[in-house]
Every structure is written in C-alpha cells, then in structure tokens.
Amino acid sequence: MSIKGVDILKPCLGKNIKIGYFVLGIVVLSLASIAGVSLVADGLYFDMTPEKSLSLSEETVNMLQKQDKAIVIRLFISEKLAKKNPELNMYAKDVSRLLGTYHKEGKGLIKTAVVEVEPFSSSQAEAEKAGIQKFALSDGRENVYLGMSLTDERGRTLAIPRLIPERRDELESDISRLISILAAGRQPRLGVLSPYFRAANEKDPLRYAENMPFVNELSAGGYEIVSLSSSAPAIPEGIDAVLLFYPLNLDRIAVYALDQYLMWGGKIMIMLDTFAEERFRDKEKYIGYRSGIQQLLNNSGVTYREDILVGDNANSRTRIFDEHYIKYPFWLKISGDNIADHPITRGINELYLNYSGFFEYVSKENLETTVLFSTGADSGAMLTEKTADLNYDNLLKNYALTNKKYPLALLIEGNFSSLFDQPLVWEQSILSSMSPFLKSSADKGALLVVGDSDMAGAFLWDAGRDKKHGVYDAATISDNIRFMLKALDYLMQSNYVSVSRKEKRFEHKNLSEVFSALAADSYGDQKKQITSDLIEIRQKMVAAGERLQAVPLPSIKQIKEIEEMQRKITELEEGLRRIEYLTEEKYQDYLFMFALLMVVLLPVLSVAAARIGYFCYNRYIQRKAKEFVK
Amino acid sequence: MAFKDLLTCFEKDFKFYFQSNLVYLAMLIYLMLSAGLLLYASDFYLNTTANFYQFFKLQPGILAMVIPVLTMRLWADEYKYNTLEILFTQPINTAAAAIGKFLAVWLVVGIMLLSSVGIWLFVGLFTSTDVSWVLVNYGLTFLMAGSLCAVSAAAAAFCYSAPAAFLSATMLCVLLSVTGFGSWIEEILPDSTRLIKLTQAFDFEQQFDELISGKVSLSSIAYFVIIMATALWTGAAAVEYKRS
C-alpha cells in the first residue's frame, strides 16, 4: 500500500517547486475529478426515502418513454417561502428533486424549470397566467405561490394550482397524469347522467357539480365532462363513455338510450346505491315507476340486491356507534385479496364503501363477467329496510353473519342483447337524428357496475374536504377516486396513467403536537367536567328563561335563580380560561424540560459515559499489564 | 507504506486524544451545540421529520467548528517539540503518518457522532423515526465528517502553532461547508443553467443535503471521497515539504 502521489512528487518538491503550485495543482485536479464524476454519474442514486418518493413508478417510466411531445414543467415558488414557511420550502425542494427525475427519464423531452415568484414582477404575472393559486401564509399577511404548470409544444397549459405537503403521496400521480393528458391528443368525452344534477339545475346541471367534488376530479383527470339529459332518447354522438351516478327515478327513455348506446358498443359505468330507490319506494316519497336500471342489468345476467346491505367484520372501519366503539360492518374497507388483479384494480390498495348492496350474476352467452372487488369471507347481511331505526341493539339483532363473499363491483364485457323488442321512439324527426334501433350488439360494449355510489362521495376519499380549495388540495384517504379514474380510463381506452398512491410508512407527530396533547391531557378531566357542567347549566338557563317568559310577572325566586345560574356560568367560564392558561403553561414547562434534558443533561451524561468507558478500558489494560509483569 | 506503520501512528494519536481530555471537551461542545441549535435554530418542534433531517442538516456547520479543535495539535505539537523527526526515524513514511493521524481524528469524530445517538433516541421516545434512514444518515454524516477532518488535518499540516492551525482549519472548513456556491451562482446568474449545475456539483452543503434527504447519489459520495483524498494528499505533501 502506498500513496503514489507523494512519492511521485517527492523529486519535484526536492527541486524546490513551491508548495503553493503543488496545492493548486491538486485542487484543480480534484475539481476536475468532481466535475467529471458528476457528469458521468449523473442520475445514479439510491432512493432512501421510505415511500420511494424520489423514484418514479413503472407506469410513469413507461409513459415517459412512450410519449413523444416536448413538455416544459415550471415549478413556481415564492421567494418568501424559504423564510416564512420552512415546511413548505422543504416540500418545494422535494418536488424539485422529483421533477429532476422526470427530466432524467423523459428522454430530453421533459424540461423543468424553477420560477422564483417575486411580488409585482413578470414572474408573478406568469404564475397567475399559468393558473397558479396564491395563498396566504399562516400569519395572514403575505400571499405566496407554490404550484406547478405543464406546457406542451402547442402552448396548452395544465396546472397544479397549489402544491400541499399533505398530498405528497399523490404527487407523482398528479404530475404523471397531467403529462399523459398533454401527451394524448384528443380529450375523451365523458357523459354524466345523474338525477342529482338534474334536480339541482335543469338548465345547467353541471353547475351543481361544484358540490360534487368527484366531477371536478374527473375533469382534472383529463375528461371533457358533458351533462346528459335524462329525457333524451339517445346518447349524443362523440361520447366515449357514460357515467350513471345514483340512478333514481330515471326516465324509461333514458334507460332506452343507455341500452341502445350499449348495443352500439358504448361503455357505461353505473354507480348504484341501496338507498336510491329502495328507500324512497317504501316511503312512497317519490311517485311513479322505478328507473328500470335493474331490468337493464337483469338483461345482462346481473341482479343488484339493493334490498340487502352487506357488511364485513374483518374489512370494515371503526366508528363510535351508539357510544360503542366498534368495527362497523357496513363501513367497508376493501383491500388485499378482495380486490381482483385486473387492469382497472391494479395498484388500487384500499376502497371505502358505506352501506353497499351486492350483485348476483349468471353467465350469459357472449358476455364475460369479472368481479372487480368483493367483501371478504367474514361477511354478513341485513335487510336495507332495517336501517330505518338502526341502533346498536338493532344492529346486533338484525345483522347476521353469512360468511359469503359478496361481489361489490362487476365488469361485463362483450356483445349485449337489447332489453327492448322495438324502438321506444317512433317520431320520424327524432328517429332520423338517432342511430338505428339494434336488437343485439353491433360492437363489443362494456358495463361496469358498482354497488355503492357513496364511493364517489368526498367524505370517503378526501381527508381535507373541508378546505374546498380545489382538486389538488384533496389529501386522499382511500383509492376511491383513483378507482373511478382507472375504470373510466379502461372503458375509454385512454392512454392516461394513474399511478398507485404511495403508501405512507411513517405517521410521525411533531414534538409540539405531542407536548400539546400531553399538556391537554393533564387537565383533560377537569376541562371535561367544567364543559359538561357548563352545558348543563346553560340548558337549565334556557329552560328557566323560557319559564320566565311564560309568566307575566316573574317571582323574585325565579330572578334570583337565574342570577345564580349566571354567576355559576361566569365562574365556570373563568375556570375554563384558567385551565387553558394552565395547559399553555404546562406545554411551556414540557418544552423547557425537554430542552434542558436535551441540551444539558444528555450531553453531560454522554461525555460521562465516554469518560467512564475510557477509565474502565485503562483499568483493564493496567490489570493486563500487571498480570503480564507477574 | 506498511499497514502496521499506519496503525502505529493511528494508535498514538487516538490515545493522545483520550489521555489529554480534549475529546471530552469537544464532545460536550458538540453535543450541546447539536441539541441547542436543533431546538432553537431549526423548526424542529413544528416539523419533526422521520429522517431526523434537521439534526443532520446542522452537522456540517457544527462539525466545521468542532473538528479544528481536534486537529489543531495534530502536527503543531510535532513541529513544536521536534517529535516529527523522531517519528520519522522509525520506518514510517509521511503518507502513513498523515493517514494514521487523519484516521485517529476521524474515529474520534465518529465516537462524537455516536454519542449524539442519545439525542435521537430521546426524541424517539416522543415521536416515531425511520430507524434505517437515520442510521444511513449517520453513516453519510460520518463520511462528510471525514472530508472535514481531512481538510482540517491538511490545514494543520501547514501551520507550526496550534492556534494558527485552529484558525486556518476553521476558516477552511466553514468556507467549504456552509457557503453554498450553487445558490450564489443561481442568484447572480439565474439563466445560466449549465453553470448553476456545474457549481452545484462543487457545493458541499447541497451535496450533503441531497444525501440526507434520501438521494444517495454516487456523485455526492464521490465528492466527499475526492475531497478527503485531495486533502490527505495535500497534507502529506505539506509535511514532506516542511521536512525537505
């Protein structure tokens, strides 16, 4: 082993070459080596992050390798972000790193740039033009930007208006989806038919969609959403797929339109609901006939059992139900083996359903039926009508274990036969604008049915739904929306990608949260007691007030009673404020104790341990030496 | 250069640190600085990350101030007491001495880093952390510390007195570790992407930041190894020059 350099340079040094030149030479050499290595090894790295957030999934890499359009991704970051919000700034860095990976994998077609947004500058105008949303920092004084825009060579721009750390696990999915939308030529058209939209606004049903966040998600997912009329005898030309959501009292003509759409090779996704028709029929709240969707399904060998609610003891979510903290069987959490291995469900990890019906099906000639997901083996069932007065005791009484696997979503593909023997419409003027009536399929169609429309409800997939900022603010808690997107992608054969949600391996809390919780716990019982006393006395006060109003002249006793209650309320409120103050004080105490232990005690103990270790080692050596001398 | 010679030099210096109690003082300063700055100079309470990022992020700055304390007497005492010539009367060459001394400092810094595990474990009592990631980050910090040790040892090799060695090593380490060339260039010339990328390749802070953020790239590891090798070579040459 030798350090050749020193030996080689020995003669040079001997010849009085100045050490300065030598050092300069070495430094230049090392700088050149660093530059060389960084060029050669550019992009060679291990992703150590637990969620592999710096690596792209197979779906994304495949998509990037196939797509041939130049796309520029701009990350807009306010310069103030670094100083004012380190958490967001750290997230911005992570986003920037991930964009670097896109650039690397994008065959030179994906270009990335970071735009630092300064107030009242051209960069701010650029951000706003790209659709980046400004937001106020926690101090409420300053507006900042943290968003991303993607522009293709034709100047078409799509944006993630605001990047939030809570949506970290979705980041790759969001970016890849937008790239695939830009890479694809025409946007697929999705017809949405739902009594919800119709009931809200007949003229402009999609305006109501603002309250249906899933429609916004589908729109951001790259589909052109078209609202369909339920009284039209045909699905308009150019619709790539139809989404029938919560079919309730659907006109027969609409069923006819759907039937014929299917005959002409159309693709339909139906999100059914146990309460859509069953409940209203029983209560006779809505008049008329049932929608006939059931007949359309029966015609394809499928029966939707809306009269029975399925539950699953093992695959359900917990809730407080009548003061019992239980795994509520009807709040299904479908995962693992209960989700089939199919292009639609690949990468789908968890689906949430509330009060779902199930499907029975028989094989039909020319049709292929696939179960996309089902309950587990520990399933049970209850009559839907029993939900009218459902409480804990009734649940125990009416819910029975059946240990059957209930199919919750089916995909039926192939050549369908029509439910109708003849056209429903005979008017020549209408007939001429429609495709001719077909008794059997002219082309292969597809029908995807889901047993619970609640799947699309924001409460089952959006953790931050109260924020209502927009699509990219939704921190998802399940894969429900991704399932819808993947199902529609499959039906429409779009080239969009839906990347699996990255599963979080670490749910860690901030120390400040931990200490706040500890401090709050210390006075939790007292606070609970005071709060319940306060509620009780306020109720009494209201009752006393009502009594007082009922009599023309209140007695002195009544007035004194109210005064006494008022005094008590003031005392209790004072007590609450005191507890809040004490909690804050306790929180500060915890912080101080933690800091004291960290900064003083731990270092002293560590140094002492090292000193003792060395002392013991010395004693050992001395003993050994003595033994040797002896 | 025999490995045995290297080991002899290493043992001599390593023992010296513990005998002189210098290491305990440095360890105390290091731990107090690490814990104090972690709690009061970063947003640790609000953003306790699973990879203990804030703690590692502070390390280049802290080590840049602590390591020169350990290296200042590495060569200065040899020059002062003329023990260098006695040392070289043994069959030991300059390279072995330089590497042996460097390894001694590096191991002492490693022990110092190890002593900070208590901080991590203490925080781990209150919130969960990613054990494997933190352990890898400890390893990467040890590598980064190695490059600072080598630079500091090289600076010490040029100086005859301990205070001069301390000052020059501190200045060099601080310049190297906490000045982000990349971000400077980015601010001055925001449009020159290639230049920014090139300067980022030389940016100590950025390279280390990439590593502890989970992007363990070959170029970043090579960066620290090259600095270490360059500094060791320079240090050995400086001793050789002084002897000649």
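Data overview
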quantity	calculated
Region B:147-154 - phi-based ³J(HN,Hα) in whole Hz, Karplus 6.51/-1.76/1.60, Gly and Pro as x	5, 5, 4, 5, 5, 5, 5, 5
Estimated [θ] at 222 nm from DSSP helical runs (n ≥ 4, -39500 (n - 2.57)) normalised by residues in chain A, nearest 500	-13000 deg cm²/dmol
In nm, spacing of pseudo-spin labels at A:LYS84 and A:LEU24 (7 Å Cα→C-beta vector)	4.8 nm
Gyration tensor verdict on chain A (Cα atoms; rounded if a/c is under 1.5, prolate if a/b is larger than b/c, oblate otherwise)	oblate
A:GLU536 paired with A:SER555, simple spin-label distance in nm, labels 7 Å along Cα-to-beta-carbon	2.4 nm
Share, in percent, of DSSP beta bridges within the protein assembly as shown that are antiparallel, nearest 5	70 percent
Solvent-accessible surface ranking, highest first, for A:ARG619, A:ARG177, B:ARG243, A:ARG162 at 1.4 angstrom	A:ARG619, B:ARG243, A:ARG162, A:ARG177
Most positive-pole-ward Cα, A:GLN187, A:SER418, A:ALA257, against dipole of chain A from beta carbon charges	A:GLN187
Relative contact order, percent, region A:224-271 [alpha-carbon distance under 8 Å, six or more residues apart]	48 percent
Restraint check, A:LYS93/B:LYS215; A:LYS69/B:LYS215; A:LYS333/A:LYS528; A:LYS84/A:LYS129, Cα-Cα greater than 22 Å	A:LYS69/B:LYS215; A:LYS333/A:LYS528; A:LYS84/A:LYS129
Charge sum, other residues only, whose C-beta stays under 13 Å from A:ILE559's C-beta, Lys/Arg counted +1 and Asp/Glu -1	+1
Nearest-0.05 FRET efficiency for A:LYS52 and B:PHE122, computed from C-beta distance (R0 35 Å)	0.75
Positive-end residue of A:LEU605, A:TYR587, A:GLY575, charge dipole of region A:562-617 with Cβ unit charges	A:LEU605
Within a Gaussian network of chain B (alpha carbon springs, distance under 10 Å), most fluctuating of B:THR234, B:THR48, B:THR71	B:THR48
Average beta-carbon neighbours from other chains, 10 Å sphere, peptide A:96-104	1
With Cα atoms, 0 to 90° folded angle of helix A:86-105 axis to chain A main axis	80 degrees
Contact order normalised by residue count of region A:520-630, Cα under 8 Å, 6+ apart, percent	32 percent
Partner chain coverage, peptide B:234-244 - average Cβ within 10 angstrom	5
Averaged over A:36-43, number of beta-carbon atoms from partner chains that fall within 10 Å	6
Placed amide H near A:GLU79: partners under 5 Å, 5+ positions off or other chain	A:VAL117
Most positive-pole-ward Cα, B:VAL239, B:SER115, B:CYS149, against dipole of chain B from beta carbon charges	B:VAL239
Dipole in debye (nearest 20) - the protein assembly as shown, about Cα centre, beta carbon charges: Lys, Arg +1; Asp, Glu -1	3000 debye
Chain A: relative contact order in percent, alpha carbon pairs under 8 Å with at least 6 residues between	12 percent
Cβ-derived FRET efficiency at R0 45 Å, B:LEU46 paired with B:GLU11, nearest 0.05	0.45
Most to least accessible of A:ARG141, A:ARG305 (protein chains only, probe 1.4 Å)	A:ARG141, A:ARG305
With all protein chains modelled, accessible area of A:PHE420 [1.4 Å, Å²]	10 Å²
Chain pair B, A: total accessible area buried, heavy atoms, 1.4 Å probe, Å²	5900 Å²
Backbone HN-Hα couplings from phi across region B:44-55 [Karplus 6.51/-1.76/1.60, Hz, Gly and Pro as x]	5, 4, 7, 10, 7, 8, 5, 9, 6, 4, 4, 4
Sequence of B:THR230, A:THR402 from largest to smallest accessible area, 1.4 Å probe	A:THR402, B:THR230
Charged-residue dipole, Cβ positions (Lys, Arg, Asp, Glu), region A:515-629 about Cα centre, Debye nearest 20	840 debye
Between region A:212-236 and region A:99-146, the alpha-carbon center distance in angstrom	31 Å
Sequence-distant aspartates and glutamates (8 or more away, or on other chains) whose Cα lies within less than 17 Å of A:LYS540	A:GLU561, A:GLU563, A:GLU564, A:GLU571, A:GLU573
Within chain B: Cβ-based charge dipole about Cα centre, in debye rounded to nearest 20 (Lys, Arg +1; Asp, Glu -1)	520 debye
A:ASP521 accessible area, assembled protein chains, probe 1.4 Å, Å²	120 Å²
Distance from region B:158-174 to region A:329-387 (C-alpha centre basis), Å	71 Å
A:SER522 - accessible surface, heavy atoms, 1.4 Å probe, Å² rounded to 10	50 Å²
Exceeding the 18 Å Cα-Cα cut-off - candidates B:LYS57/B:LYS101; A:LYS80/A:LYS111; A:LYS66/A:LYS104	B:LYS57/B:LYS101; A:LYS80/A:LYS111
Euclidean distance of C-alpha centroids, region A:616-630 and region A:504-565, integer Å	72 Å
A:VAL362-A:LYS386 pseudo-label distance in nm [points 7 Å out on the Cα-to-Cβ vector]	2.8 nm
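The values are calculated or read from the model by the stated rules, or taken from the named source; none is laboratory data. Source: prediction; values computed, not measured. All Cβ positions, even for glycine, are placed from backbone atoms using ideal geometry, and neighbour counts span all protein chains on display. Quick note on the areas: whole protein, heavy atoms, side chains included, nothing else; ligands and nucleic acids left out. Shrake-Rupley method; radii C 1.70, N 1.55, O 1.52, S 1.80 Å.
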